[in-house]
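Shown next, in structure tokens, is the structure this report addresses.
The values are calculated or read from the model by the stated rules, or taken from the named source; none is laboratory data. Not measured: the values here are computed from a predicted model. We place every Cβ from the backbone using ideal geometry, glycine too, and count neighbours over all the protein chains shown.
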Amino acid sequence: MKIQLEEQLKALPTSPGVYLFKDDLGKVIYVGKAANISNRVKSYFGAFGSLSSKIQQLVLKVNDLEFMVTDSEQEALILECNLIKKYHPRYNVRLKDDKTFPYLKIDISEDWPSVYITRRFKNDGARYFGPFASAGSVRKTLRLVKKIFPFRSCTRSIDGTDKRPCLDYYIHRCLGPCIGAVNKQEYREVINQVILFLQGKQELVLHELSNKMRASAQQLQFEKAALLRDQILAIERVIEGQRIAIALKGEQDVIAMVQNGGQAYVEVFFVRNNKLIGRDYFIMEGIHDEMPGQIMASFVKQYYASASYIPSVILLQYPVDEMSVLAEWLKERRGGSVKLQVPQRGAKKRLVSMVAENADKGLLLAKAKQINLAAITSGLQELKDRLCLPRTPLRIEGYDISDIRGTLAVGSMVVLEKGLPKPSLYRRFRVKMVAGADDYAMIQEILRRRFKRGIAGEGSWAVTPDLILIDGGKGHLNAALEVRQGLGVDSIPMASLAKENEDVFIPGESDPVNIPKGSPALHILQRARDEAHRFAISYHQKLRSKRGTASILDDIPGIGPKRKKALLKKFGSIEAIKKASVEEISQVERIPPALAQRIKQYL
């Protein structure tokens, strides 16, 4: 042991508090709490052989230590949580990415509150719901709430004088405060319903909406009553999906986990008013050689340190260290008693087992995703090597043509970013300059238009791809290379993938590149090629469908889709419309006499 550490150990207090171990560079590598700092820290430097391998590695790296004295173990626990969140020490069990957990926030101090996502939890009087494990989890909840409750989702300044509302108003997703269609009290009632819903108190919301629906019906406001009815049905569907076969009472969080190497997959079920209102999962890192109870204790401390709500009962899969200290800390945070329970039998035990089973299946799914991502990463690196690319092809653009003997010819551009499709960047082209069936010329036209937009710096077109993949053989590739040379963008790598034998061609090579069948690299190219083909075909089919429904009626001023449909429904064909009189045509819905006269003259 270093002389410096020996002297520091002698000076340690016997008070409760927190200690920090640092390495040679002064970086905090471990944070711990103790009822007696001196006894706890000295235990690390006693019988070295009795320590776990993880703690042995930790002790060998300790070069310096600090401590902070607190008045109680509860204060030490709070400080430990804060310091782990601040330093993310390598040897602590810690929540992955816990600094950026998202919440739903409703600022009730605003005149016209909305519901939005935030990653900062503040004591500012607003209502927070979370934390959620990921942006996907919180967005899913926000979409559900927005689908049921008509609160505003815009950020405009509301004064009730706007001339026109947005689309949300017309599809009954907003009450229209921007045009003065609702007063503050009525709008506030909707926000209160959202808060109750997110708290799991859906029955209270249903009761309130049912009363409003009956009152609206009695006042003959049938449209309003119908909208309230639809809200009620939507909430009832949510409640039905939340019911579980296990009989429970009160409000509880149920926590179970499964370990995998240096990580633990922790599943949390949120039970409110006998319903499963939500579930989420979290990843704990740095768990090597840790017992399940220690991992569970670390999760409880770090999760509830930032949770917006703490229930009165928390069911755990494993008993945690210092159960009474944790319960007292949770009681202070909640403002009421909190029971930590590890059920051994009955309904609660079955519920914990169900959560544990979900955690096990969730881990398998997460591992499968990790394997898939690893294959993509290796595939991109293999593409770089086999195609002799100057850099890893993080952005691949795939191109294809679709036509029938040169008619209705279209082109497609799809984008793969890091091996995965990016549909928001897909683009489609109508071939305008090529007459007849000439795939080479068509490929050249769409590439020329794409590159010119890129050279002009137009939005997303300005992003330079790491690889352009053409659907076709050497002839298609050579046609593309002519465009590349003519526009002076020779630095952009190109390749083609022929369907028949899945041969890959690159510039300057007469023979196809040797890429093994079934390799991740070939799978990535096939995905880009198939996406480009699918996107081109779907556009071509859309244009064919549109042409199939075209008629001479489309050329008559004043005839749109609805009037055209009404005419054909009434008469059955263009010939029948020609034979009809002006009076007969004017009897069709939406066709005034003047327009009927114009139709007759045109036909």
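Mind listing just one residue for me: the one in the stretch 463-490 that is without any contact (Cβ under 8 Å) to a residue 12 or more places away in the chain and in a loop (DSSP other than H, G, I, E, B) and, of those, nearest to Ala532 (Cα to Cα)?
Asp490
Is it true that Gly508 is out of contact with any helix residue (DSSP H, G or I) (no Cβ under 9 Å at 6 or more places or on another chain) and in a loop (DSSP other than H, G, I, E, B)?
Details: out of contact with any helix residue (DSSP H, G or I) (no Cβ under 9 Å at 6 or more places or on another chain): yes; in a loop (DSSP other than H, G, I, E, B): yes.
So Gly508 passes the test.
Go through the residues of the stretch 326-336 one by one and say whether even a single one is in contact (Cβ under 8 Å) with a residue 24 or more places away in the chain, touching a strand residue (DSSP E or B) at 6+ places or on another chain (Cβ under 7 Å) and surrounded by 21 or more Cβ atoms within 10 Å (Cβ to Cβ).
Initial filter on the stretch 326-336 (in contact (Cβ under 8 Å) with a residue 24 or more places away in the chain): 326, 328-330, 332-334, 336.
Those left that are additionally touching a strand residue (DSSP E or B) at 6+ places or on another chain (Cβ under 7 Å): 326.
Filter again for surrounded by 21 or more Cβ atoms within 10 Å (Cβ to Cβ), leaving 326.
Taking every residue of the stretch 326-336 in turn, at least one turns out to be in contact (Cβ under 8 Å) with a residue 24 or more places away in the chain, touching a strand residue (DSSP E or B) at 6+ places or on another chain (Cβ under 7 Å) and surrounded by 21 or more Cβ atoms within 10 Å (Cβ to Cβ).
Filter the stretch 115-140 for residues that are within 11 Å of the chain's Cα centre (by Cα) and surrounded by 18 or more Cβ atoms within 10 Å (Cβ to Cβ); which is modelled with the highest pLDDT?
Once the filter is applied, the top-ranked residue is Val138.
So is Ser460 in a loop (DSSP other than H, G, I, E, B), out of contact with any Phe, Trp or Tyr (no Cβ under 7 Å at 6 or more places or on another chain) and surrounded by fewer than 19 Cβ atoms within 10 Å (Cβ to Cβ) or not?
Values: in a loop (DSSP other than H, G, I, E, B): no; out of contact with any Phe, Trp or Tyr (no Cβ under 7 Å at 6 or more places or on another chain): yes; surrounded by fewer than 19 Cβ atoms within 10 Å (Cβ to Cβ): yes.
The answer is no for Ser460.
Being modelled with pLDDT of 85 or more, assigned to a helix (DSSP H, G or I) and under 27 Å from the mean Cα position of the chain (by Cα), is that true of even one residue in the stretch 304-316?
The answer is yes; a qualifying residue exists.
Condition check: in the same structural domain as Leu481 (by TED's automatic domain parsing), surrounded by 13 or more Cβ atoms within 10 Å (Cβ to Cβ), touching a helix residue (DSSP H, G or I) at 6+ places or on another chain (Cβ under 9 Å) and of a type in the set (Val, Ile, Thr). Does Val342 satisfy that?
Details: in the same structural domain as Leu481 (by TED's automatic domain parsing): no; surrounded by 13 or more Cβ atoms within 10 Å (Cβ to Cβ): yes; touching a helix residue (DSSP H, G or I) at 6+ places or on another chain (Cβ under 9 Å): yes; of a type in the set (Val, Ile, Thr): yes.
No.
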